[in-house]
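Below is one structure, written out as structure tokens; comments come after it.
Each value in this text was obtained by applying a stated rule to the coordinates, not by laboratory testing. Bear in mind that the values here come from a model prediction, so they are computed numbers and not experimental data. Positions of Cβ are generated from backbone atoms using ideal geometry, with glycine treated the same way; all protein chains shown enter the neighbour counts.
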Amino acid sequence: TTHHSISDGWSGPILMRTVHQYYDALVKGETPEVEEETAYIRAQKYYAQEAPVTEAFWREQKLGWGSANDIRCLLSHSYEAGTVGPARESFLSFSTKQTEQLKNLCRSQGVTINALLQFAWHKLLNVYSQDAQTIVGTIVSGRDIPVSGIESSVGMYINTLPLVVDWPEKASNVQVLQAIHTGIAELNSHSAIALSQLQSNGERLFQTLFVFENYPVSERDAPDAGIESTMRYRGSMEKTDYPLSVVAYERGDTLHLGIKYSDVWLLPAHADRLLAQLASVLEDVRIAPHAAHQDISLCDAAQQAQYLEWNSCSANYPYDSTLVREFERQVASTPERVALSFAGEELSYQALNQRANRLARALR
């Protein structure tokens, strides 16, 4: 069991590999070679040296920020900030061919696969919230600094920082994608700042997290791996106090994309639907990278046909009436029937009519 106050995911495999190397040496009757760790201290000195530049960067960034996106429309049930429920996760794996196609797109546009996946999640938030700006907590490694040996250092380097994406009406997929690529690079270059310094009055800047796991993995199957070759990964469990966390990583030639959540506020079926929509966004961008981002659909062809079928409910409309009069007629005939169901709350026609009347009186 580890806590992110002392170590990060990148450090885990390094620490385990080092311990195993010591063990293998002792088994052979050899004296383990112990090297002094100095990269962590040198990294802290570098961060302190660059603090004025980092703070100036974030002061300027904050001038363009809006409020946190409302993600209630993404959830199955209401969510109270700060609560932590039982951990669950749903994953989607892309085929080798699909992974290569996405990588080819990234190479052609000069962006990383991380930026492309971030685009998909931000676009999902943009569509659901209808906000012109999306903010997602992005996990940065903290190791993208000029300190030798930092790749093999053990310590708490990661940070969670806001990646802010603007969605101009006429912008193309590529324009937004390249802006995200630049934004991620800037986050990595100015990562040594506490999130609490960026949040005004303790108010959250974001409600979802995104992490692209690219830390080193031990080569357990190597012929000379020693005890490493006997280790078998069973699984891991990670909890956060954010309702949704999007996780992506590559293993071999395949890309994996997942959502971590609690079924207290998100049902597994809804998590799978979100993953399917992310895949749909990625496919749209791959096929038409220069199209307008507003042309992206969250539904594939089969879903579109199904929704059109569900909405095939035409009826004759009395031209001598009004929508308000027809609604009141429905209230009178079936007052207790469910008229609206949202986030677990059901309103009858009568209750909905009462709320509408109260709102009308308030507006007067």
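Some points to look at:
- Charge context of residue 192, other residues only, Cβ under 12 angstrom, K/R +1, D/E -1: -1
- Segment residue 330-residue 55, extension gain: residue separation times 0.36 nm, minus the distance between their alpha carbons: 93.1 nm
- From the coordinates shown, Cα extents along the principal axes in Å corresponds to which of (1) 79, 53, 34; (2) 95, 46, 41; (3) 54, 48, 40: (2)
- Charged-residue dipole, Cβ positions (Lys, Arg, Asp, Glu), region 193-343 about Cα centre, Debye nearest 20: 360
- For region 26-173, alpha-carbon Rg relative to the globular expectation (2.2 N^0.38 Å, N residues): 1.42
- Residue 151-residue 1 FRET efficiency (beta carbon distance; Förster radius 41 Å; 0.05 resolution): 0.95
- When shorter helices are ignored and each DSSP H run of at least 4 residues is given -39500 (n - 2.57), the per-residue value for the chain at 222 nm works out to -13500 deg cm²/dmol.
- Rounded FRET efficiency, nearest 0.05, which uses the C-beta distance separating residue 96 from residue 41 and R0 of 45 Å: 0.60
- Summed side-chain charge close to residue 137 - residues other than residue 137 whose Cβ falls under 12 Å, Lys, Arg +1, Asp, Glu -1: 0
- Label-to-label distance, nm, for residues given as residue 253 and residue 31 (7 Å Cα→Cβ offset): 4.7
- For region 205-364, the antiparallel share of DSSP beta bridges with both residues in that region comes to about 65%.
- Percent antiparallel among DSSP beta bridges (both partners in the chain, rounded to 5): 75
- Using only side-chain charges placed at the Cβ, +1 for Lys and Arg and -1 for Asp and Glu, the dipole size of the chain relative to its Cα centre rounds to 1000 debye.
- Total formal charge among the other residues, if their Cβ is under 14 angstrom from that of residue 260, Lys/Arg +1 and Asp/Glu -1: -4
- Contact order relative to length of region 41-170, as percent, for alpha carbon pairs under 8 angstrom and 6 or more apart: 26
- Net lengthening on full extension, residue 108/residue 234 (0.36 nm per residue, minus Cα-Cα): 41.6 nm
- Overall form of region 52-129 per C-alpha gyration tensor (a/c, 1.5; a/b vs b/c): oblate
- Straight-line cross-link partners of residue 103 among the aspartates and glutamates, defined as a Cα under 15 Å from its Cα and at least 8 positions apart when in the same chain: 250, 253, 283, 284.
- Within straight-line cross-link reach of residue 260, lysines at Cα separation under 21 Å, skipping those fewer than 8 residues along the same chain: 123, 239
- FRET efficiency, residue 295 to residue 18 (Cβ-Cβ, R0 41 Å, nearest 0.05): 0.25
- With respect to the chain, whose longest principal axis is taken over its alpha-carbon atoms, helix 349-363 is tilted by about 90°.
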